[in-house]
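Here's the structure, in C-alpha cells; my notes come after.
Every number here is computed from the coordinates shown, using simple stated rules; none is lab data. As the structure is a computational prediction, the values presented were derived from the model and not from experiment. So basically every Cβ, Gly included, is an ideal-geometry build from the backbone, and we count neighbours across all protein chains shown.
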Amino acid sequence: MNGGLALEILGGRMAIRVAWTRAEIVDAVEALFVHHAARLPDHRDARIVVKPNLNNDLVGLTGNSVDLRVLWAVLASLGRRGFTDVTVADGPNVGIDRRRINVAQRLKVDAVARAHGARLVDLNRDPGREVPLTGGARVRVATTVLDAECLISLPKVKTHAWAVLSSALKNHIGVVVGQDKRRVHQALAPNIVALHDAVRTHLVVLDGVVGMEGNGPGDGDPFRLGIVAASDHPLLNDLAVCRLVDLPWPEVPCLPFALGRGWLTPAEVEAVGREVPTVYSIRRAPPLPRLAVLAEHRALRPVRRLARPLVHRPLLAQGLYRLGVLQDHYDLRDSTFSLVRRLAERCGSCHRCEDVCPEGRTREQIGLEPGACLDCLYCWLVCPHDALEVSGEAGSLARQIARYRPILARI
Ligand code: SF4
Ligand code: SF4
C-alpha cells in the first residue's frame with residue numbers, strides 16, 4: 001500500500017489507513033473517528049472505556065503492547081469531541097498480575113491517561129461480575145467494562161504461540177479479572193468467543209503500526225506494518241488482519257468459532273478476502289516445544305500450582321525461558337531510566353526520535369528539560385547514533401534493551 005492510502009471495506013464497516021510516524025498516526029486516527037462517528041455515544045458524559053492491549057511490560061515499540069502514539073491519538077480524538085468520562089482500562093496477563101507489577105506505570109500508559117484527563121483502571125483489581133464460559137465454567141469480568149456505555153478496543157497485530165494470532169478477539173481476555181484468566185485458557189478459542197457474547201465492543205481501533213512476529217506474544221520480533229484501522233466488529237478486524245499479514249484465517253482457532261456465531265455472513269467473509277490486500281508476510285510462531293505442551297497438560301494442573309512460587313526465582317525462570325517452557329520472565333525492579341539530554345555532536349538529524357515521540361516533540365525539544373516528558377524512552381530506543389543520554393537504573397528494561405534495541409534501531 002502507498003503512504004496515506006485510505007481503504008474502506010464492506011461498505012465502510014472497516015476503514016484502513018497507512019501510518020508510521022506520530023504525525024501520520026494522529027491524522028489517521030482522527031480520520032477514522034470521523035469515519036466512524038456513528039459508533040460513538042451521542043451524549044458527551046457517556047461512560048467510555050478505552051481498552052488497550054497491555055499484555056505485559058514490553059514497551060509498545062516491541063509490538064507487544066499498545067503503541068503510546070496510538071493511545072495518545074485516540075484519547076486526543078475523544079477529547080476533541082468533548083467526551084468527559086473516559087477510562088483507560090486493561091488487566092495484564094496472569095504472570096504480571098501474580099507478581100503485582102504495575103504495567104501501566106512501566107509502559108507510561110498512566111502518564112498518557114493523565115495528560116488527557118482520563119481515568120486509569122487496572123481490571124485485575126476490579127471486583128467483577130461472573131459470566132459463563134463454555135462447559136459450565138464461570139469467570140469474573142470487570143464491572144468497568146460491563147457497565148461501559150461505549151467500549152473501544154485497541155488491539156495489536158501479534159503472533160501467538162497458542163492462539164496463532166492476537167488481535168481484537170484475543171484482546172478481550174484482558175477484561176477478565178486477575179487469575180480467572182487461567183480458566184479462559186482451558187478452552188481458549190470457544191471461551192474467547194463466549195467473552196465477546198458477554199461484553200460488546202462498540203469500536204475497534206487497530207494499532208497495527210508495529211506488529212510482533214515469530215515467538216509472540218512475549219518473545220517475538222517487532223516488524224513494521226504501518227497501519228491503523230477502525231471497524232465495527234472484532235471478527236471483521238481479525239479477518240482483515242489475517243489478510244493484511246498473509247495468515248489463512250482458518251488456522252486461527254478462535255475465528256471458525258466466531259464465524260459459527262453468525263457475526264459475519266459467508267459472503268462478507270469472502271468480501272474481506274477480496275477487498276483487503278496482503279501487505280506483509282508474517283513469520284508465524286514456531287511450534288511449541290514438547291516440554292511447554294507437557295507443562296500445560298490438564299493432568300499437571302496441581303503440580304503447576306505447587307511449582308508456581310519456584311518459577312518466580314530468577315535463575316529457574318531463566319532456565320525455563322532458555323528451554324522454551326516460558327516465553328517471558330519478569331524483573332521485579334522497576335526501571336528508573338529517565339531522558340536527560342540530546343548530544344548535539346552525535347545527532348545525525350535523522351528525525352527518528354520525532355517520528356516515535358507520543359507527545360509530538362521536535363528533535364530540538366527532545367531532552368531539552370529532564371523530567372518534562374512522559375519518559376517513555378521511545379526516542380532513545382530508536383536513535384541509531386546513541387545521541388540521547390539517559391540516567392538511572394535500567395531495572396526491568398535491561399532485558400528489553402538487550403533483546404529489542406538493536407532491532408528497533410533498524411525498523
Ligand atoms: S534519532 Fe538520534 S540521531 Fe536521529 S535526530 Fe533523534 S537524536 Fe538525532
Ligand atoms: S521525548 Fe522521548 S522519552 Fe520523552 S515522551 Fe518523547 S519519546 Fe518519550
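Evaluated at 10 °C with a viscosity of 1.306 mPa s, what Stokes-Einstein diffusion coefficient in µm²/s does the range 86-213 have when Rh comes from the Kirkwood expression over alpha-carbon pairs? Each step should come with its number before you reach the end.
Details: Rh = 15.1 Å.
Reported coefficient: 105 µm²/s.
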**OP:** For a footprinting-style exposure proxy, rank Trp249, Trp380 by other Cβ within 10 Å, fewest first.
**Re:** Trp249, Trp380
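Taking every pair of Cα atoms in the range 338-392, average 1/r, invert it to obtain the Kirkwood radius, and report Rg/Rh to two decimals. Provide the component values of the computation, followed by the final result.
Working: Rg = 9.6 Å, Rh = 10.8 Å.
That ratio equals 0.89.
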Original post:
So what J values fall out for the range 354-371 if you push phi through Karplus, 6.51 cos²θ - 1.76 cosθ + 1.60 with θ = phi - 60°, rounded to Hz, Gly and Pro as x?
Top reply: 5, 4, 9, 6, x, 7, x, 6, 7, 4, 5, 7, 6, x, 6, 9, x, x
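How big is the convex hull of the Cα atoms of the range 95-158, per residue, in Å³?
150
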Original post:
How big is the range 220-271 on each of its three principal axes, counting only the C-alpha atoms and giving the largest first in Å?
Top reply: 33, 22, 16
Original post:
At 222 nm, what helix-only mean residue ellipticity would the chain give, in deg cm²/dmol to the nearest 500, using -39500 (n - 2.57) for each DSSP H run of four or more?
Top reply: -9500 deg cm²/dmol
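May I have the count of lysine pairs in the chain with C-alpha atoms under 17 Å apart, counting pairs 8 or more residues apart or located on different chains? Can you show the working numbers first?
Values: Lys51/Lys108; Lys51/Lys156; Lys51/Lys158; Lys51/Lys170; Lys51/Lys181; Lys156/Lys170; Lys158/Lys170; Lys170/Lys181.
Going through the chain pair by pair, I get 8.
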Original post:
Which values of log₁₀ I(q)/I(0), to two decimal places, follow from the Debye formula for the range 181-295 at q = 0.09, 0.10, 0.19 Å⁻¹ with a uniform point scatterer at every Cα?
Top reply: -0.27, -0.33, -1.22
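For Cys350, Cys254, which order do you get if you count the other beta carbons within 10 Å of each Cβ and list the fewest first? Write out the running numbers ahead of the final one.
On the way: Cys350 14, Cys254 23.
Ranked by crowding around the Cβ, least crowded first: Cys350, Cys254.
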Subject >> For the chain, cysteines whose Cβ has no other cysteine Cβ within reach (under 4.7 Å) >> reply: Cys150, Cys242, Cys254, Cys347, Cys350, Cys357, Cys373, Cys376, Cys383
Original post:
Considering the Cα trace of the range 1-51, what is its radius of gyration and what is Dmax, both in angstroms?
Top reply: 12.8, 38
Subject >> Convex hull projection area averaged over all views, the range 363-411, Cα basis, nm² >> reply: 3.7
**OP:** Kindly provide the pair-distance distribution of the chain built from C-alpha pairs, with 10 Å bins from 0 and whole-percent values in order of increasing distance.
**Re:** 5, 23, 34, 27, 10, 1, 0
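Which of the peptides 274-286, 172-184 is most tightly packed, and how do the rest follow, judged by the mean count of other Cβ atoms within 10 Å per residue? Can you show the working numbers first?
Working: 274-286: 16.2, 172-184: 21.7.
Highest to lowest by the protection proxy: 172-184, 274-286.
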